[in-house]
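Shown next, in structure tokens, is the structure this report addresses.
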Amino acid sequence: MHLCPVCKSRTNPNKAHIKIQYKHDIYYPCCPLCQAVFEKEPEKYIKNLSEHKK
């Protein structure tokens, strides 16, 4: 399981809304809203996601 980079909900990569490749990593937003938010400020959400995993 992966986490949505925006809302931190669990996301199954096989059933994800979309996959986004950004700087050699793949992210799985859970819905179109999270996709739009992530695409506006990907660095912010990548940083938040890495802090959440610690």
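What are the residues in segment 14-31 that are within 11 Å of the chain's Cα centre (by Cα) and modelled with pLDDT of 90 or more, if any?
Let us first name the residues in segment 14-31 that are within 11 Å of the chain's Cα centre (by Cα), namely 16-22, 25-31.
Those that are within 11 Å of the chain's Cα centre (by Cα) and modelled with pLDDT of 90 or more: ILE18, LYS19, ILE20, GLN21, TYR22, ASP25, ILE26, TYR27, TYR28, PRO29, CYS30, CYS31.
Return the total of residues in segment 4-38 being among the charged types (D, E, K, R) and under 11 Å from LEU49 (Cβ atoms). Give the derivation first.
Step one: of segment 4-38, the residues among the charged types (D, E, K, R) are 8, 10, 15, 19, 23, 25.
If we keep only those that are under 11 Å from LEU49 (Cβ atoms) too, we end up with 8, 25.
Of the residues in segment 4-38, 2 are among the charged types (D, E, K, R) and under 11 Å from LEU49 (Cβ atoms).
Restricting attention to segment 12-54, report how many residues are within 13 Å of HIS2 (Cα to Cα) and of a type in the set (D, E, K, R).
Summing the residues that are within 13 Å of HIS2 (Cα to Cα) and of a type in the set (D, E, K, R) in segment 12-54 gives 4.
Taking into account only those residues within segment 5-31 that are touching a Lys or Arg at 6+ places or on another chain (Cβ under 8 Å) and surrounded by 16 or more Cβ atoms within 10 Å (Cβ to Cβ), which is farthest from GLU43 (Cα to Cα)?
TYR28
Do the conditions hold for LYS47, that is, is it surrounded by fewer than 13 Cβ atoms within 10 Å (Cβ to Cβ) and either under 10 Å from the mean Cα position of the chain (by Cα) or outside any loop (DSSP other than H, G, I, E, B) (or both)?
For LYS47, the condition - surrounded by fewer than 13 Cβ atoms within 10 Å (Cβ to Cβ) and either under 10 Å from the mean Cα position of the chain (by Cα) or outside any loop (DSSP other than H, G, I, E, B) (or both) - is met.
Quick one: MET1 ticks every box in (1) under 19 Å from GLU51 (Cβ atoms); (2) at pLDDT 90 or above; (3) in contact with a strand residue (DSSP E or B) (Cβ under 6 Å, 6 or more places away or on another chain) except a single one, so which number is it?
Result: MET1 fails condition (2) only.
The values are calculated or read from the model by the stated rules, or taken from the named source; none is laboratory data. No experiment lies behind these values; they were computed from the predicted model shown. Note that we place each Cβ from the backbone using ideal geometry, even for glycine, and neighbour counts take in every protein chain shown.
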